Amino acid sequence: MNRSHFPLLPSPAPDGPLLRPWRRGDAPAVLEAFATPEMARQADQPVDSLDAAARWTGRRTAEWEAGSAYALAVVDGTTGTAVGNVAVGAVNRVHGLGWVSYWTTPAAQGKGVATYACRAVARWAFDDLGLFRLELGHRTNNRTSCRVAEAAGFTVEGLQRQRLEYDGVRHDVELHARLATDPDPGLGLAPG
């Protein structure tokens, strides 16, 4: 799928968030987002300089072009500044599967931005990518991420015991999934 043909999905509110492919010029926002310890450990490689942040956006572009993952910047509809990320990765076209991940900057949290982004990327993945099943997971101690997943129409399916390790501590992960045939919760903003 050509990045230049990504449809800008309608915002749920005037001047609300929009989704678009990441750009090299988003590096300052990426660097700021990964500045916290919680976010730093979510990165596939350290994001500790503008060059590293630009490489992060470059890897998202390369994954898109390879058809293996589709990461989108969640941008403020007024300023155009990236305030989050939503992605469909681990794409398996044989089985019509994808893995959804998301994050928002502290300034965007609690405003429904992540929920909107998950709803929008799911609709896009079903309608445009032709996927049938989307999965996501979160640490069981991350209730905010769970609320986002549920508000975006993802149903809890199970527990992956001690799946992740951070700072020497193992964490259980709750698995959620949404099927193309599940009810669509719409694109409105919802807390989360």
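The values are calculated or read from the model by the stated rules, or taken from the named source; none is laboratory data. The shown structure was predicted, so the numbers you read here are calculated from the model rather than taken from an experiment. Cβ: placed from backbone, ideal geometry, glycine included. Neighbour counts: every protein chain shown. With ligands, DNA and RNA removed, areas are computed over all heavy atoms of the protein, side chains included. Shrake-Rupley method; radii C 1.70, N 1.55, O 1.52, S 1.80 Å.
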Counting just the residues of the stretch 21-40 that are open to solvent by less than 70 Å² (accessible area, probe 1.4 Å) and aliphatic (A, V, I, L, M), which one comes out nearest to G137 (Cα to Cα)?
M39
Among the residues of the stretch 18-46, what is the count of those that are outside any helix (DSSP H, G or I), over 21 Å from A69 (Cα atoms) and touching a helix residue (DSSP H, G or I) at 6+ places or on another chain (Cβ under 9 Å)?
1
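Here's the yes/no breakdown for (1) in a helix (DSSP H, G or I); (2) touching a strand residue (DSSP E or B) at 6+ places or on another chain (Cβ under 6 Å); (3) farther than 17 Å from D127 by Cα:
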| position | (1), (2), (3) |
| --- | --- |
| A149 | yes, yes, yes |
| G153 | no, yes, no |
| V156 | no, yes, yes |
| R161 | no, yes, yes |
| L164 | no, yes, yes |
| D172 | no, yes, yes |
| L175 | no, yes, yes |
| P183 | no, no, no |
Out of curiosity, is W99 open to solvent by 50 Å² or more (accessible area, probe 1.4 Å), of a type outside the set (A, V, I, L, M) and touching a strand residue (DSSP E or B) at 6+ places or on another chain (Cβ under 7 Å)?
yes
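Scan the stretch 106-130 residue by residue and report those that are in contact (Cβ under 8 Å) with a residue 12 or more places away in the chain and surrounded by fewer than 20 Cβ atoms within 10 Å (Cβ to Cβ).
Kept after step one, since they are in contact (Cβ under 8 Å) with a residue 12 or more places away in the chain, are these residues of the stretch 106-130: 106-126, 128-130.
Result: P106, A107, Q109, G110, K111, R123, D128, L129, G130.
Identify the residue in the stretch 41-66 that is of a type in the set (G, A, S) and in contact with a Lys or Arg (Cβ under 8 Å, 6 or more places away or on another chain) and, among all such residues, is most open to solvent (accessible area, probe 1.4 Å).
Step one: list which residues in the stretch 41-66 are of a type in the set (G, A, S), which gives 43, 49, 52-54, 58, 62, 66.
If we keep only those that are in contact with a Lys or Arg (Cβ under 8 Å, 6 or more places away or on another chain) as well, we get 54, 58.
Values: A54: 8, G58: 36 Å².
Among them, the one singled out is G58.
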Just the residues that are modelled with pLDDT of 95 or more, of a type in the set (D, E, K, R) and open to solvent by 40 Å² or more (accessible area, probe 1.4 Å), please, taken from the stretch 175-192.
D182
Kindly evaluate A149 against the criterion of being open to solvent by less than 10 Å² (accessible area, probe 1.4 Å), closer than 27 Å to E32 by Cβ and touching a Lys or Arg at 6+ places or on another chain (Cβ under 8 Å).
no
Residues (at pLDDT 95 or above and among the hydrophobic types (A, V, I, L, M, F, W, C)) located in the stretch 133-168:
L134, L136, C146, V148, A149, A151, A152, F154, V156, L159
